[in-house]
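Bear in mind that the values in this text are calculations on the coordinates, not laboratory data. Keep in mind it's a predicted model, so treat the numbers as computed, not measured. Don't worry about glycine lacking a Cβ; one is built from the backbone with ideal geometry, like all the others, and counts go over all protein chains shown.
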Amino acid sequence: MADESKAPQSPESSQPDASGSSTAPSAAGASPSSPAKASAPAPLQIPLDNELSRRYRERFGAAILDGLEDRKQPILIVDAAQLLEIARYSRDEEKFDLLEDYTAVDWPRREKRFDLVAQLYSFSHNTRLRLKIPLGAEEQPSTLVPIWPAANWLEREIFDLFGIAFLGHPNLKRILLPDEWQGHPLRKDYDILQQDTAWVRENLGIESGQ
């Protein structure tokens, strides 16, 4: 078998590319022509411009802060001040009957520290819509319980783990942690190693090893 490592390079293989660097193949036996550059991956999120987003913008104007599409799912970023009206419109006019999930994300260095994230589903259209609601650290959004009763326990979980209080909630109290627990474990500034050592000591009789 011929020794391919000693085969002469094609003149084309050592031509510089547009940046001036050589494109000569470094491995023996590589194709003499320059390999095509891999195209950059498409962005996951692109601006949302469809009939759905246009209807929301026509109805609520500046309260629709932005619109994105992520993996073919529409996302609307909405003003918390009009959350209740937007939610009611979503249920009654756009037929998003189900509040599939409701949670939050903490961005401690951002001016609007939190994002509420509501995942909606329409049985009649078999489509989903995500609402993202930026919140300041002390902002209290309206409860969605009058629109989707499932929000009751979901908002209690958000309150418990992030400390976001919902105006008008019928029974806003902790759902996972004891009522007397101090702090909110899913905030990024919550020290998971410390937790609430006073509660643990008083109720479980365990002294911190710190």
- prompt: Quick one: net charge of Gln45's neighbours, Cβ under 12 Å, K/R +1, D/E -1?
  reply: +1
message: As an exercise, identify the chymotrypsin sites (Phe, Trp or Tyr not before Pro) in the range 106-210 lying in DSSP coil whose Cβ has no more than 12 other Cβ atoms within 10 Å.
response: Phe123
- request: Beyond 20 Å between alpha-carbons counts as too far, so tell me which of Lys112/Lys188; Lys95/Lys173; Lys112/Lys173 fall in that bin.
  value: Lys95/Lys173; Lys112/Lys173
message: In whole Hz and in residue order, list the ³J(HN,Hα) couplings for the range 71-86 that follow from phi through the Karplus curve 6.51 cos²θ - 1.76 cosθ + 1.60, θ = phi - 60°; x for Gly and Pro.
response: 6, 6, 9, x, 10, 10, 9, 10, 6, 4, 5, 10, 4, 5, 5, 5
message: Can you classify the range 104-154 as rounded, prolate or oblate using the Cα gyration tensor, where a ≥ b ≥ c are the square roots of its eigenvalues, rounded means a/c under 1.5, and otherwise it's prolate if a/b beats b/c and oblate if not?
response: oblate
field: Cut-off 10 Å between beta-carbons: net charge of the residues surrounding Arg55, Lys and Arg +1, Asp and Glu -1
entry: -1
message: Can you tell me which aspartates and glutamates have their Cα less than 19 Å from the Cα of Lys72? Leave out same-chain residues fewer than eight positions away.
response: Asp49, Glu51, Glu94, Glu100, Asp101
- request: Please turn the phi angles of the range 139-144 into ³J(HN,Hα) values with the Karplus equation 6.51 cos²θ - 1.76 cosθ + 1.60 (θ = phi - 60°), one per residue in order, whole Hz, x for glycine and proline.
  value: 5, 10, x, 5, 5, 9
- request: Note down the magnitude of the dipole of the range 127-169 about its Cα centre, charges +1 on Lys and Arg C-beta and -1 on Asp and Glu C-beta and zero elsewhere, to the nearest 20 debye.
  value: 280
message: What Kirkwood Rh does the range 33-175 have if only Cα atoms enter the pairwise 1/r average? Answer in Å.
response: 16.2
